[in-house]
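Have a look at the structure below before the remarks.
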Amino acid sequence: MGHEQRVRDFYDYAGPAYEAIMDDIWHHGDPAAEARGLSPQQAARALAERLVGLAGLRPGDRALDFGSGVGGGTLHMAAFTGATFVGLTNNEWLSQRARRLAEERGMADRVQFLTVGDEDYTTLAAWPDMSFDAITFYESVCHLPRKERFFRSTHRLLKPGGALVGIDWLQRPFGAHQTPEEIAHFTDPVNETFCLAALGTLHAYEAMLEDAGYVVTLAEDLFPGIPCWGNTPSEDRPKWLGYDGPGGEQIQAGKQALDAARGAGVFTVGAFAAVRPAPAP
Ligand SMILES: C[S@@+](CC[C@H](N)C(=O)[O-])C[C@H]1O[C@@H](n2cnc3c(N)ncnc32)[C@H](O)[C@@H]1O
């Protein structure tokens, strides 16, 4: 079975677990907002607002959210900007939950959730060139073995002047952990338990974006020089470590692996904005 298919199966149990523990938005938030005492959900919304602001999304614009999970983040971006969104996943359970949420919020006419084939991200051939004003991704690209193909296909889909914005799980050297082996000691178990292709680095993402034709306007480690403890309120710890739904052992092992990588400082989250340049007049 290919890696992308395993990711689809992973969300059969991780989807219900994440929804039970984190509700409808799963990605990290703006560290400054969390430091001000905002909840992980509020901080996540604040970070998304900053990024769609950088993308310049306006009412009536069209946007694609790659890796929309159960949809809370996509719906918030659509509500905040007034833009129309298409959210993509490769797991139909996730898409169904997201569609239900869109209905409940009265937004189903403006936000649609589609399940695509596991490898469709390599071309996104369902959409013609220049279909979108912005494309977003929140902690989804880390699952993809062929990230460079994703960046190339999103570049094709953006209108000139449009932006790709998002955040992702990354690895980095930190403190005593400098060599690839020392870093892999912590990141291999994270890749394994979260079904990630491999964690990239801030610079590797920047290089892939530039190779795809983007001008990178933001490539920021959200936790520079400090361990990344975002999105980990201590009251949630027992919910992860005691999770006994389907896949419970994997979910618990994932929490342990991720916290070890956070503690070692080798795990972080990066924020990106990249523009498809408009041709010179
Ligand atoms: C951690 S979830 C992120 C959910 C959402 N962005 C959030 O923050 O709440 C990762 C998402 O990436 C999607 N994904 C992973 N691999 C994919 C692939 N090959 N094609 C389409 N979606 C994929 C999963 O289906 C899931 O929706």
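Every number here is computed from the coordinates shown, using simple stated rules; none is lab data. Small disclaimer: the values here were computed from a predicted structure and weren't measured. Because the Cβ atoms are built from the backbone with ideal geometry, glycine has one as well, and the counts that use them run over all protein chains shown.
Relative contact order (percent) for the chain, with alpha-carbon contacts under 8 angstrom and 6 or more residues of separation?
Once divided by the residue count of the chain, the mean separation gives 21 percent.
If contacts are Cα pairs under 8 angstrom and at least 6 residues apart, what is the relative contact order of the stretch 56-95 in percent?
Rounded, it is 51 percent for the stretch 56-95.
Suppose every K and R has +1 on its Cβ and every D and E has -1 on its Cβ; what is the size of the dipole of the stretch 189-236 about the Cα centre, in Debye to the nearest 20?
Using Cβ point charges on Lys, Arg, Asp and Glu, the stretch 189-236 gives about 60 debye.
If you bin the C-alpha pair distances of the stretch 78-149 every 5 Å from 0, what whole percents do you get?
The calculated distribution, bin by bin, is 3, 14, 22, 26, 20, 11, 3, 0.
Can you give the relative contact order of the stretch 1-132 as a percent, counting alpha carbon pairs under 8 Å and 6+ residues apart?
23
Please compute the Kirkwood hydrodynamic radius of the stretch 130-281 from all pairs of different C-alpha atoms, in Å with one decimal.
By the Kirkwood definition, the hydrodynamic radius is 16.6 Å.
Please order GLU192, GLU139 by the number of other Cβ within 10 Å, starting at the fewest.
If I rank by nearby Cβ atoms, fewest first, I get GLU192, GLU139.
Ranked highest first by average number of other Cβ atoms within 10 Å, how do 33-40, 109-116, 76-83 line up?
Ranked from most to least packed, the peptides come out as 76-83, 109-116, 33-40.
If you put +1 on each Lys and Arg Cβ and -1 on each Asp and Glu Cβ, how big is the dipole of the chain around its Cα centre, in Debye rounded to 20?
Dipole magnitude for the chain comes out near 660 debye.
Write down, largest first, the equivalent ellipsoid semi-axes of the stretch 218-281 in whole Å, where each equals the square root of 5 times an eigenvalue of the alpha-carbon gyration tensor.
Those come to 34, 16, 10 Å.
Give me ILE21, ILE135 sorted ascending by neighbouring Cβ count inside 10 Å, so fewest comes first.
The order, fewest Cβ neighbours first, is ILE21, ILE135.
Got a sec? Charge dipole of the stretch 200-250, +1 on Cβ for Lys and Arg, -1 for Asp and Glu; which of PRO224, ALA204, GLY247 is way out at the positive end?
Checking the options against the dipole of the stretch 200-250, the answer is GLY247.
One-quarter of the Cα convex hull surface for the chain, in nm²?
14.4
When only alpha-carbon atoms are used, what values of Rg and Dmax, in angstrom, describe the stretch 1-77?
Calculated on Cα positions, Rg and Dmax stand at 14.5, 45 Å.
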